[in-house]
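One structure is given below, encoded as structure tokens.
The values are calculated or read from the model by the stated rules, or taken from the named source; none is laboratory data. Here the structure is a predicted model, which is why all the values come from computation and not from measurement. Glycine gets a Cβ as well: all are built from the backbone with ideal geometry, and neighbour counts include every protein chain shown.
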Amino acid sequence: MTEHSMQQKLMTEFVGTFFLALTICTAAVHGSAGANAPFAIAATLMVMIYAGGHISGAHYNPAVTISIYLRGACHKSDIAPYIATQLVAGVLAALVSGSLLMPDSVVTAAELELVPTLAAEFLFTFALAFVILNVATSEATEGNGYYGAAIAFVVLAGALTVGDISLASFNPAVTASLVTAGKMTPADFWMHFAPQLAAGALAACAFKTTQ
């Protein structure tokens, strides 16, 4: 297997995270896809995973990066560059969506309820990270051809299930794009960030107990 440079990995993480966040901001936040937004988001995530999985691991999510590191399948030196790249890509995607693709859209910040938001983001980020660890990092499933679809459909399920509760981010980079797009207030950022990172860490622990 070809060993890719850090520059190649970060470019892949940037492109994948950018298009994931761009789709979320355009299709869901600004409403270009209407009721089909969750399907557009899942489809974008799936193809970007298949495109970049062999290069960077296709994390596209700081919570997933931390989860994969704790599982032992990611170098410690990758954590900060990956997370920084993902967050920058999320913010830039929101700016491009709002200024170039949907400049006339008016976005109102959602009023999030504390406990439901924390629970929704924690549970489905855990599900996402746990599935990723099992289908994309486990020796038992190495070389499988379904991991992109499996991961994307977790996001789709979460978007359909708790989208009206927490905005269904499950990803600090996406949360950063939602704040930048005006869909969330900066003061509410922690209501996503904290449960997402905690869920990623717990998913790594759960994965290790099943191996």
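Observations on the model:
- Hits in region 109-139 - residues which are more than 17 Å from residue 195 (Cα to Cα) and touching a residue at least 24 places away in the same chain (Cβ under 8 Å): 109, 110, 132, 133, 134, 136, 137, 138
- Every residue from region 1-36 that is within 14 Å of residue 51 (Cβ to Cβ) and of a type in the set (Gly, Ala, Ser): 16
- Among the residues of region 87-102, those identified as over 18 Å from residue 45 (Cβ atoms) and small (Gly, Ala, Ser) are 98, 99.
- Tally of residues being within 19 Å of the chain's Cα centre (by Cα), part of a helix (DSSP H, G or I) and surrounded by fewer than 22 Cβ atoms within 10 Å (Cβ to Cβ) across region 118-150: 12
- Residue match in region 59-76 (condition: in contact with a Lys or Arg (Cβ under 6 Å, 6 or more places away or on another chain) and in contact (Cβ under 8 Å) with a residue 60 or more places away in the chain): no
- Of all the residues in region 21-39, those that are over 14 Å from the mean Cα position of the chain (by Cα), buried (at least 18 other Cβ atoms within 10 Å of the Cβ) and either assigned to a helix (DSSP H, G or I) or at pLDDT below 95 (or both) number 5.
- Looking across region 40-85, the residues that are among the polar types (S, T, N, Q) and outside any loop (DSSP other than H, G, I, E, B) come down to 44, 56, 65, 67, 77, 85.
- Of the set (1) in contact with a Gly (Cβ under 9 Å, 6 or more places away or on another chain); (2) of a type in the set (A, V, I, L, M); (3) over 21 Å from residue 64 (Cβ atoms), all apply to residue 35 but (1).
- For residue 110, the conditions (1) out of contact with any His (no Cβ under 7 Å at 6 or more places or on another chain); (2) assigned to a helix (DSSP H, G or I); (3) not polar (S, T, N, Q) are fulfilled apart from (2).
- Counted residues, region 72-102 - those being crowded, with 19+ Cβ neighbours inside 10 Å and either among the polar types (S, T, N, Q) or modelled with pLDDT under 95 (or both): 4
- Matching residues, region 163-203, being under 11 Å from residue 64 (Cβ atoms), of a type in the set (A, V, I, L, M, F, W, C), in a helix (DSSP H, G or I) and touching a Phe, Trp or Tyr at 6+ places or on another chain (Cβ under 8 Å): 173, 199, 203
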